[in-house]
Amino acid sequence: MTVTGQARVAGVIGWPIGHSRSPQLHGYWLDRYGIDGAYVPLPVAPERLEQAIRALPALGLAGVNVTVPHKEAVLPLMDEVEPLARRIGAVNTVVVGDDAGLWGRNTDAFGFMAALRAGAPTFDPATGPAVVLGAGGAARAVVAALIEAGAPVVRLVNRTVAKAERIAADLGGPVEPIDWERRGDALGDAALLVNATSLGMKGRPALEFDLDALPLEAVVNDIVYTPLETDLLAAARARGNPAVDGLGMLLHQARPAFEAFFGRDPEVTTALRDHVLAGD
Ligand code: ATR
């Protein structure tokens, strides 16, 4: 990679930032397309977030991605926030405009839907109920995407049901909060099951979930990607359900940001998946 004095520069802001895969991901595309640009990790402590965000135009950066723990806190610092990001309540991409204004976007909903379409090309979310487990930031983006894609109902199952109720109120649309203990009852006629909790992730407790009541043609998607083949996906595949892993959402959510920063909609390929997985 050659970076000249004309290079466009972008990065990712988080705290800590060492585990972010975004530099590797954007770096792959910059190389692949021979773009004169750089994408760097930017460790920003919470108490310096505002200072760092306000400095982006002065530094001439094209923009930044935003990750844990800053996605909600950056929203009020934007000059303009796209309606979807406002509904989700979080910004994961800040684009610096030609006028030096800061535009806040959320590409997680796009990433979720693009990954689902790539992993299950014949599936149409409008054909039946979706069951989503979890009510954290990731679940908000998943639910927003499913409402937009025309899901007739999104059954939102969470341990803290009040958080599911808040999402239903914030996002509007056909969202039905369901208590975690009643999760098995939600499956009967489901067309899609998504795990948007952190359960099943390396180092976190297992997701205990009985798939018996799930129709065999329902698509099962786990947004956890460490491990890539979670117990949920293995159980789904074993009984014949189409299964979509969580890496796709990570890769596809980066596309709109890359395009905004570097001017090209990049491709998600098997080679890119292998490159990101090799970085483990
Ligand atoms: P993110 O923003 O990345 O989605 P998060 O806000 O920490 O992460 O959300 C994690 C999700 O996993 C939440 O829905 C959480 O349930 P609560 O809202 O009740 O906290 C869920 N979760 C975590 N541990 C859980 C457990 N042991 N049993 C059930 N749900 C759990």
Discussion item. Quick check on the range 102-137: of everything there that is farther than 16 Å from V154 by Cβ and aromatic (F, W, Y), which residue is farthest from the ligand (Cβ to nearest atom)?
Written reply: W103
Worksheet item: Checking V64 against (1) within 16 Å of the ligand (Cβ to nearest atom); (2) touching a Leu at 6+ places or on another chain (Cβ under 7 Å), which single condition isn't satisfied?
Response: (1)
Discussion item. For the range 192-214, which positions are more than 14 Å from A139 (Cβ to Cβ), crowded, with 20+ Cβ neighbours inside 10 Å and away from the ligand (no atom under 14 Å from the Cβ)?
Written reply: L214
Item to complete: Of all residues in the range 261-280, count the ones that are in a loop (DSSP other than H, G, I, E, B) and among the hydrophobic types (A, V, I, L, M, F, W, C).
Response: 1
Fill in: Unmet criterion (only one of (1) touching a residue at least 40 places away in the same chain (Cβ under 8 Å); (2) in a loop (DSSP other than H, G, I, E, B); (3) more than 30 Å from R182 (Cα to Cα); (4) more than 17 Å from the chain's Cα centre (by Cα)) for P69
(4)
Practice prompt. Filter the range 215-229 for residues that are within 15 Å of the ligand (Cβ to nearest atom) and either without any contact (Cβ under 8 Å) to a residue 40 or more places away in the chain or over 19 Å from A115 (Cβ atoms) (or both) and give the result.
Written response: D222, V224, Y225
Response to the item:
Of the residues in the range 7-40, those that are out of contact with any strand residue (DSSP E or B) (no Cβ under 9 Å at 6 or more places or on another chain) and aromatic (F, W, Y) come to Y28, Y33
Item to complete: Considering (1) over 15 Å from V96 (Cβ atoms); (2) loosely packed, with under 15 Cβ neighbours inside 10 Å; (3) of a type outside the set (A, V, I, L, M, F, W, C), say which one K71 fails and leave the rest.
Response: (2)
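This table checks each residue for (1) assigned to a loop (DSSP other than H, G, I, E, B); (2) modelled with pLDDT under 95.
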{"residue": "E208", "(1), (2)": "yes, yes"}
{"residue": "E229", "(1), (2)": "yes, no"}
{"residue": "L233", "(1), (2)": "no, no"}
{"residue": "E259", "(1), (2)": "no, no"}
Discussion item. Being under 19 Å from W103 (Cα atoms) and either in a helix (DSSP H, G or I) or modelled with pLDDT under 95 (or both) is the filter here; which residues of the range 17-64 pass it?
Written reply: L49, E50, Q51, A52, I53, R54, A55, L56, P57, A58, L59
Discussion item. Being more than 9 Å from the ligand (Cβ to nearest atom) and in a loop (DSSP other than H, G, I, E, B) is the filter here; which residues of the range 151-175 pass it?
Written reply: A151, P152, V153, G172, G173, P174
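The values are calculated or read from the model by the stated rules, or taken from the named source; none is laboratory data. Everything quoted here is computed from the prediction, not taken from an experiment. Positions of Cβ are generated from backbone atoms using ideal geometry, with glycine treated the same way; all protein chains shown enter the neighbour counts.
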